[in-house]
Amino acid sequence: MNNVGGFSMKEKRFDPRDGSLVLAHILFAFGALLAGGIAGMLQGLVRGAGLTLPAGIGYYQLLTAHGVLMALVFTTFFIIGFLYSGISATLGGSLVPLARRLGWSGFVLMSLGTVVGVICILLNKASVLYTFYAPMKASPYFYIALALVVVGSWLSGFGIFVNYRFWRKRNKGKISPLFAFMTVATMLLWQIATLGVAVEVVVQLIPWSFGWVETVNVLLSRTLFWYFGHPLVYFWLMPAYICWYVVIPKVIGAKIYSDALARLSFVLFVLFSIPVGFHHQLMEPGISPFWKYLQVILTFMVIVPSLMTAFSMFATFEIYGRSKGAKGLFGWFKMLPWKDVRFFAPFMGMLLFIPAGAGGIINASNQMNAVVHNTMFVTGHFHLTVATSVALTFFGIIYWLIPVVTGRTLTPKLHRLGIVQTVIWCFGMLFMSGSMHWIGLLGSPRRTATTAYYDSAAASAWDPYQMVMAIGGVILFVGILLLVYNIVALMTSPKGETEYPIGEPLDTAAETPKVLERWSLWVGIVVVLILVAYTVPVLDMFGGSIPGSPGYQTW
Ligand code: HAS
């Protein structure tokens, strides 16, 4: 029998010292979600309801605040808090002191970076959107802030590795708990991916924004960004998958379908999510079609672990349903615990990941990318992936994680409120993301404030969809307000013990191959893949024919 489950938190209270570290990350994350949500709703109203922003607030300033707070701050803080909680729960019931210290140091640096970055945005010195594409030039302090966030996240990652090494030394020959394994895979991916953005920010953008060098190599900076930017989306997705694979089976009273399959899917993410950044640059000049083609093939490889996850989740649900007496092809569906928000919110995330993933496959196909690139279709895609599938899973997690770390309980009323919140979120996203996809196919560009394009008929056809987007944005903001209410209610709910839900694999599951935990092998392969996919095209970017660009402040 594999040692995959760790110990049950029923037996022991969550260490309060680790609890405060986890809670600090989660509250910071949801503070960012609230602020980013206000910016998001205002943007929707500007586009769809003709709202005029108060003097001194620009559309791109708002869009940057929204993107940075939601896509970079909310996600990173939540993920690190969640991963630390799982490490504490499954690797012995308490973090080792060095890991806890590194976790706090990371938190302080990331918070400092966030505050400096947000100040730059508020002062309108960094309206460069969340992808901060050169040659738009922000204040150097904005880039320094980004560097602080990255370095802070590295410290947190080191803390996780330290704890994991400590456990392995004391448990020689054993396979680590599944949650811990997946956490290490996620942080490993993050550490390797962020090297790209760190080089971009420190070597290119900071010297250029201080004026120490005149020009920037735009193509190189975008390539370094997307070397990081694509694995970034899996850094968001993998913690959601941890919940789906490890937590959901326990919540519904089922078993993990296959521990080995779950680990293999994470190994595949580590291998294939980095050398694929060119699928964000398919329409850019300066990269030969061969290297784009190669990276598109690798992109299709990184779809495989998601298909494995879909298979595994269906298997978990079906086996569970049949064990409860379900009959027929889909009888198991009725057996699922629809009134349990810990299940319902992530499940809705899974369901909506089916069209979300299909959109990704459309984006990745070269010819179709020519249709959708730089249109609102892509904005619709990422609202359905990260802001729906991932966010709903994160929302589902807080309903048990906050009670676990604060020593409180999840009441039936909170289950109901959580389900209402989930339904609101799904409707808001269906309106907003649905219209974004459609309007994108009608040619509406992304990253662009709305205009009438000299009263062109094509642009006026977008109007009704922009209105639906605005309605969706308002519904989503109501969802955020209810979420904030629920968080406060969770933190003040009756005291009591809440179990940290960690699933166990099926008794009939085969032994997990030990090779899956040989990290040196996977890191070696990923380094080779990265070198193959990037060396030649990056060397080409240093050719004399590519001019550097001065900086522009377009806002
Ligand atoms: Fe993407 C652009 C391709 C997944 C996020 N993506 C973006 C951007 C973001 C983003 C933020 O190839 C914009 C970046 C920017 O600002 O420019 N994406 C893909 C592909 C996938 C994919 C192939 N993306 C994601 C995920 C994201 C995310 C996940 C965030 C978390 N994406 C692209 C491409 C672009 C892009 C191009 C560039 C576009 C351009 O031109 O600019 C795949 O990983 C998707 C695979 C997923 C599946 C779905 C599996 C389904 C599952 C659910 C099972 C359901 C169950 C419940 C069990 C194949 C696992 C069912 C129950 C029932 C009862 C039915």
Going residue by residue through segment 536-544, is there one that turns out to be modelled with pLDDT under 95, on the phi < 0 side of the Ramachandran plot and open to solvent by less than 50 Å² (accessible area, probe 1.4 Å)? yes
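For segment 497-505, does any single residue satisfy the condition of being of a type in the set (Ser, Thr, Tyr), out of contact with any Pro (no Cβ under 9 Å at 6 or more places or on another chain) and open to solvent by 20 Å² or more (accessible area, probe 1.4 Å)? Show your work before the answer.
Looking only at segment 497-505, we keep the residues that are of a type in the set (Ser, Thr, Tyr), and these are 498, 500.
This time we only want the ones that are out of contact with any Pro (no Cβ under 9 Å at 6 or more places or on another chain), so: 500.
When the remaining residues are screened for being open to solvent by 20 Å² or more (accessible area, probe 1.4 Å), the result is none.
Scanning segment 497-505 turns up no residue that is of a type in the set (Ser, Thr, Tyr), out of contact with any Pro (no Cβ under 9 Å at 6 or more places or on another chain) and open to solvent by 20 Å² or more (accessible area, probe 1.4 Å).
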Cβ-Cβ under 8 Å pairs, at least 6 apart or on other chains, segment 96-117 side buried (at least 16 other Cβ atoms within 10 Å of the Cβ), far side not in a helix (DSSP H, G or I): 103/95; 117/126
From 149, 68, residue being assigned to a helix (DSSP H, G or I), within 16 Å of the ligand (Cβ to nearest atom) and under 26 Å from residue 42 (Cβ atoms): 68
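Confirm whether residue 290 is among the aromatic types (Phe, Trp, Tyr) and either touching a residue at least 24 places away in the same chain (Cβ under 8 Å) or crowded, with 24+ Cβ neighbours inside 10 Å (or both). Working first, answer last.
Details: among the aromatic types (Phe, Trp, Tyr): yes; either touching a residue at least 24 places away in the same chain (Cβ under 8 Å) or crowded, with 24+ Cβ neighbours inside 10 Å (or both): no.
No; evaluated as a whole, the condition is false for this residue.
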Select from segment 506-518 the residues that are open to solvent by 30 Å² or more (accessible area, probe 1.4 Å) and of a type outside the set (A, V, I, L, M) and write down the one among them that is farthest from residue 86 (Cα to Cα). 508
Please go through segment 149-179 and pick out each residue that is under 23 Å from the mean Cα position of the chain (by Cα) and farther than 16 Å from residue 191 by Cβ. 177, 178, 179
If I filter segment 281-307 down to residues being under 19 Å from the mean Cα position of the chain (by Cα) and in a helix (DSSP H, G or I), which single residue comes out as nearest to the ligand (Cβ to nearest atom)? 306
Candidates 385, 375, 409 - the one that is under 18 Å from the mean Cα position of the chain (by Cα) and open to solvent by less than 40 Å² (accessible area, probe 1.4 Å): 385
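Where in segment 197-280 are the helices (runs of 4 or more DSSP H), entirely inside, with at least 3 residues that are without any contact (Cβ under 8 Å) to a residue 60 or more places away in the chain?
On the way: elements: 206-209, 218-242, 248-252, 259-272.
Answer list for segment 197-280: 218-242, 259-272.
Is it true that residue 555 is among the aromatic types (Phe, Trp, Tyr), under 30 Å from residue 267 (Cα atoms) and touching a residue at least 24 places away in the same chain (Cβ under 8 Å)?
Working: among the aromatic types (Phe, Trp, Tyr): yes; under 30 Å from residue 267 (Cα atoms): no; touching a residue at least 24 places away in the same chain (Cβ under 8 Å): yes.
No, not satisfied.
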The lone exception for residue 209 - which of (1) touching a Pro at 6+ places or on another chain (Cβ under 8 Å); (2) closer than 24 Å to residue 78 by Cβ; (3) small (Gly, Ala, Ser) it fails: (2)
Evaluation of residue 136 against (1) closer than 30 Å to residue 548 by Cβ; (2) without any contact (Cβ under 8 Å) to a residue 60 or more places away in the chain; (3) open to solvent by 20 Å² or more (accessible area, probe 1.4 Å) (one fails), failing number: (2)
Residues that are more than 24 Å from the chain's Cα centre (by Cα) and assigned to a helix (DSSP H, G or I), drawn from segment 445-469: 457, 458, 459, 460, 463, 464, 465, 466, 467, 468
Evaluate segment 191-198: report whether one residue or more is closer than 20 Å to residue 138 by Cα and open to solvent by 50 Å² or more (accessible area, probe 1.4 Å). no
Residue 345 meets each of (1) surrounded by 19 or more Cβ atoms within 10 Å (Cβ to Cβ); (2) within 11 Å of the ligand (Cβ to nearest atom); (3) of a type in the set (Gly, Ala, Ser) with one exception, condition (2)
Residue in segment 313-332 that is most open to solvent (accessible area, probe 1.4 Å), counting only those that are at pLDDT 95 or above and near the ligand (Cβ under 8 Å from one of its atoms): 314
Tell me, please, whether a residue that is closer than 28 Å to residue 279 by Cβ and in contact (Cβ under 8 Å) with a residue 60 or more places away in the chain can be found in segment 148-156. yes
Of the residues in segment 231-272, those that are under 25 Å from residue 315 (Cα atoms) and within 12 Å of the ligand (Cβ to nearest atom) number 16
Are any of the residues in segment 485-495 more than 26 Å from residue 360 (Cβ to Cβ), among the small types (Gly, Ala, Ser), under 26 Å from the mean Cα position of the chain (by Cα) and open to solvent by 10 Å² or more (accessible area, probe 1.4 Å)? yes
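Looking at 417, 384, 336, 352, which one is in contact (Cβ under 8 Å) with a residue 24 or more places away in the chain and more than 16 Å from the ligand (Cβ to nearest atom)? Please lay out each step first, then the result.
On the way: 384 fails: more than 16 Å from the ligand (Cβ to nearest atom); 336 fails: more than 16 Å from the ligand (Cβ to nearest atom); 352 fails: more than 16 Å from the ligand (Cβ to nearest atom).
The match here is 417.
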In segment 268-287, the residues that are closer than 19 Å to residue 188 by Cα and open to solvent by less than 10 Å² (accessible area, probe 1.4 Å): 269, 270, 273, 274, 275, 276, 277
Of the residues 434, 349, 396, only one is in a helix (DSSP H, G or I) and over 29 Å from residue 502 (Cα atoms); which? 434
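The values are calculated or read from the model by the stated rules, or taken from the named source; none is laboratory data. Please read all numbers here as calculations on a predicted model, not as lab measurements. Cβ atoms come from the backbone with ideal geometry, glycine included; neighbour counts cover every protein chain shown. In case anyone asks, the SASA skips ligands and DNA or RNA and just uses the protein heavy atoms, side chains included. Shrake-Rupley method; radii C 1.70, N 1.55, O 1.52, S 1.80 Å.
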